[in-house]
1. Using only Cα atoms, locate the centre of the stretch 79-135 and the centre of the stretch 160-181, then give the distance between them in Å, rounded to an integer.
2. Which order do the peptides 361-374, 332-345, 102-115, 282-295 take when ranked by the mean count of other beta-carbon atoms within 10 Å per residue, highest first?
3. Could you list, in their original order, any pairs among Lys299/Lys365; Lys208/Lys365; Lys140/Lys309 whose Cα atoms are separated by more than 28 Å?
4. Under a point spin-label approximation (7 Å from Cα along Cα-to-Cβ), what is the Glu387-Glu219 distance to one decimal in nm?
5. Quick check on the stretch 341-392: what does the Kirkwood estimate of hydrodynamic radius come out to from the alpha carbon pairs, in Å?
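What follows draws every value from the coordinates through simple rules; no lab data is involved. All values reported here derive from a predicted model rather than from experimental measurement. Note that we place each Cβ from the backbone using ideal geometry, even for glycine, and neighbour counts take in every protein chain shown.
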Amino acid sequence: MSSSVNYPGKSLRNLILKKGRCHGGAWNGNPPIVKGRDPLPGIAMSFMACLFFAFLFVILGCRDQESAFPYKILDSGIWAEEAGIESTGWIDNEHVLFITNKTLKPSGSIPMAKFLTVWNPDSGKVDFYHQAFGFQCVRKGNVFFWENSGSNSKATKWESTIYRGNVKNPKEHPAPRPSMEIDSSFDCDWVPGESFGRAPVRAPHTYKLKDKNYIEFTELPSNSSQGKMIYHEKPGTKGIPLPFYLSLAYHISYSEFLDAYVIVGDKHSVYPKPDTRSFWILERSGQLKSIPYPQSLLKGAVENIYPLKRGYLARYSQDQKKGAGSDDRGLWLIDGEKSVRLIVGDMGSVAVSPDGCRAAFIHAKNIKEYFSQKSPYRTVKVIDFCEGENKP
């Protein structure tokens, strides 16, 4: 069973940007939050008109650069729970998944049931499905989530009922054996605990990836070695040596769009010279591609990389010392040697649609608003990188 409401989002077209500047052939700034649903009073309209002309010169100053900001950011206006490993996901290329209550606003200290919620950014339609406390991951339309057992509001996923499947008809999905663990990064399912991805404490050590893919640690770091590891497409294969060592100083994730792995340096590292450091795309066949960061991103800390049809989305903090908790944290688009800042603020995990065209995330302008129980508060937003062209 499901219920529906219509909730059109707020379109944020980033043509007027506060403290914006041309950078690397693209516009660099932060979009204002404009409430598109509500009629503006006359004084606000006058203010917006003045704001437009005040920044017109800045925009025209970039007229011989690339398009000022060709991507649409849509703010749903919907508050979402941050529960589980993921805060947003994609059921398919048109439907965003998250967890919220039926008021679509924070409930404060009032207990309120929360549901798997699916929002269509194109139509504004919102559907509520199964009651849920949090979800682990989404793969090919299947959701791995859990529901509180009884009335224990503090129950963990281990004390709750686990489900997996289509949002319209999920099935209970308990662990097949006590030694199983939830793999939310790759398989989005239960996996044997002994093969679950952890940093090695001794060699040889196996780090499970998706399906039969795995990394074998053959040598741990020491005074005489930086450590060695080999990628295997499946058991029994010779494997391919990797030119770096994957430990707690690295992060590996899976891109459904590319059907490949993304490896990014630790966000707290002080990166060594030279300033042409890279992230890596590891194809499941074993082919490895090194991609250098644009010079504009070398001073800060890249937390994660999300492949897109139009390049790569970087979750980035300009201040390494502040890291993930800083208010200058944001999303940047990497397009070859160029980069453009899309939006700054505090946010939950980022999810890219299977076709690589859209990114969804929970966002607020700062940490205070992110955890606020009254307006303004965090909301689900979507950036469309393929608007105006034929999507794959």
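1. When both Cα centres are located, 19 Å separates them.
2. Descending packing order for the listed peptides: 332-345, 361-374, 282-295, 102-115.
3. Details: Lys299/Lys365 22 Å; Lys208/Lys365 37 Å; Lys140/Lys309 18 Å.
Over 28 Å apart, Cα to Cα: Lys208/Lys365.
4. Placing both labels 7 Å along Cα→Cβ, they lie 5.2 nm apart.
5. Details: mean 1/r = 0.0826 Å⁻¹.
It is 12.1 Å.
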